[in-house]
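The values are calculated or read from the model by the stated rules, or taken from the named source; none is laboratory data. Bear in mind the structure is a predicted one, so any value in this text is a computation, not a measurement. Neighbour counts run over all protein chains shown; Cβ positions are idealised from the backbone, glycine included. SASA here: full protein model, heavy atoms, side chains in, ligands and nucleic acids out. Shrake-Rupley method; radii C 1.70, N 1.55, O 1.52, S 1.80 Å.
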Amino acid sequence: MINFLDMFKIFLRGLLMGMSDIMPGISGGTIALITGIYDKLIGSISNIKLKFLKPLLKGNINEFKKQLLEEVDFEFFIPLILGMAIAMVTMAGIINYLLKDYAAFTYSFFAGLILASIFILYKQLDALNIKAISVSIIFAILSYIFVGLNPMQASHSLPILFISGFIAICAMLLPGISGSSILLLLGQYEYMIAALHKLSIIEIIVFIVGAGLGFMIMSRIIKYLLEHHKQITVAALIGIMLGSLRVPMGHVVGVGTTMLPICLVIGIIGVIIVIFVETRFEYKLI
């Protein structure tokens, strides 16, 4: 049983994850890693096996409640999801303003966060060998190419929104791959931001259902890889995050000699924040 203060801290992490998830270029998984709940997030999601549906269908409410409480960590998920939801609904306009009018400064801060997060992941490696370096380089190249793809033209039908939610949330669970960037590539980012502004319930629910399914499937894949192939998985995640720097750095390069020092300072502030937070939490991937 966790206390109110612990739940509030989880809520704050949810706010940060929600803010990052509506920003193209930074992943909610990165924020989860920075704030020390990545392994908790993956483990809690993968623990949901939907076995509680069987007694529910049979009308056995007591068994349903028992199984539900065993599978779902409500003390973790409720404050986390609440924080994410509030951030996504209330911060969408602010984030759009920052990205529109202060893109270089905003992305400089993102770059600092990502660079420091790469250092955190690097510390999870038992040894830096040729195999780990090769895997990191391969995934860095693939990630660099992927985040540079041009957005595709797509409809905004409910099935497309369901699939988009599924794919975007899978990306969000991987540090370094932004779910918002995936939505941009799928041509759904602006549409879903508008849906959040207008509180278009049907579109939001369909997107969330797809995201929920993606959460459950991808979390199990990540957990398996970290448990059985941790070193290679960590090396791949480092590569993904290195390649993802193409997005924030692309907005910083060419800003001019006047703004460049400011961008550098903001980036360093991002690094310092992550290092400071790291001293308050233990980073240990499964």
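Some notes on this structure:
- Relative contact order of the chain, defined on C-alpha pairs under 8 angstrom at six or more residues apart (%): 32
- Only Lys, Arg (+1) and Asp, Glu (-1) charged, at Cβ; the stretch 1-150 dipole about Cα centre in debye: 300
- Accessible surface of Glu227 - all protein chains present, 1.4 Å probe, nearest 10 Å²: 100
- Out-of-range pairs (alpha-carbon distance over 23 Å; input Lys40/Lys123; Lys40/Lys230; Lys40/Lys131): Lys40/Lys131
- Measuring with a 1.4 angstrom probe and ignoring ligands and nucleic acids, Asp101 comes out at about 80 Å² accessible.
- Straightening the chain between Lys58 and Leu98 buys 9.3 nm, computed as 0.36 nm per residue apart minus the Cα-Cα spacing.
- Peptides 238-248, 122-132 ordered by average Cβ neighbours within 10 Å, highest first: 238-248, 122-132
- Contour excess over end-to-end distance, with Cα ends at Leu149 and Leu82 and 0.36 nm allotted per residue: 20.9 nm
- Measuring how big the chain is from its alpha-carbon positions, Rg and Dmax come out at 19.2, 69 Å.
- The stretch 130-249, relative contact order [Cα under 8 Å, separation at least 6], %: 48
- Full-stretch length increase - Leu5, Ile217 - with 0.36 nm per residue and alpha-carbon distance subtracted: 73.2 nm
- Amide H contacts under 5 Å for Gly187, placed H, 5+ residues apart: Met152
- Taking all protein chains together and a 1.4 Å probe, the residues Tyr97, Tyr107 rank Tyr97, Tyr107 from largest to smallest accessible area.
- Residues Thr106, Thr90, sorted by accessible area with the largest first, give Thr90, Thr106 [1.4 Å probe; ligands and nucleic acids excluded].
- Computed from Cα atoms, the angle from the helix 189-198 axis to the main principal axis of the chain rounds to 60 degrees.
- The alpha-carbon of Lys66 sits under 19 angstrom from the alpha-carbons of these lysines, leaving out residues fewer than 8 places away in its chain: Lys49, Lys51, Lys54, Lys58.
- Computed on the Cα trace of the stretch 1-79, the radius of gyration divided by the Kirkwood hydrodynamic radius gives Rg/Rh = 1.08.
- Rel. contact order, % - alpha carbon contacts under 8 angstrom, at least six apart, the stretch 1-147: 32
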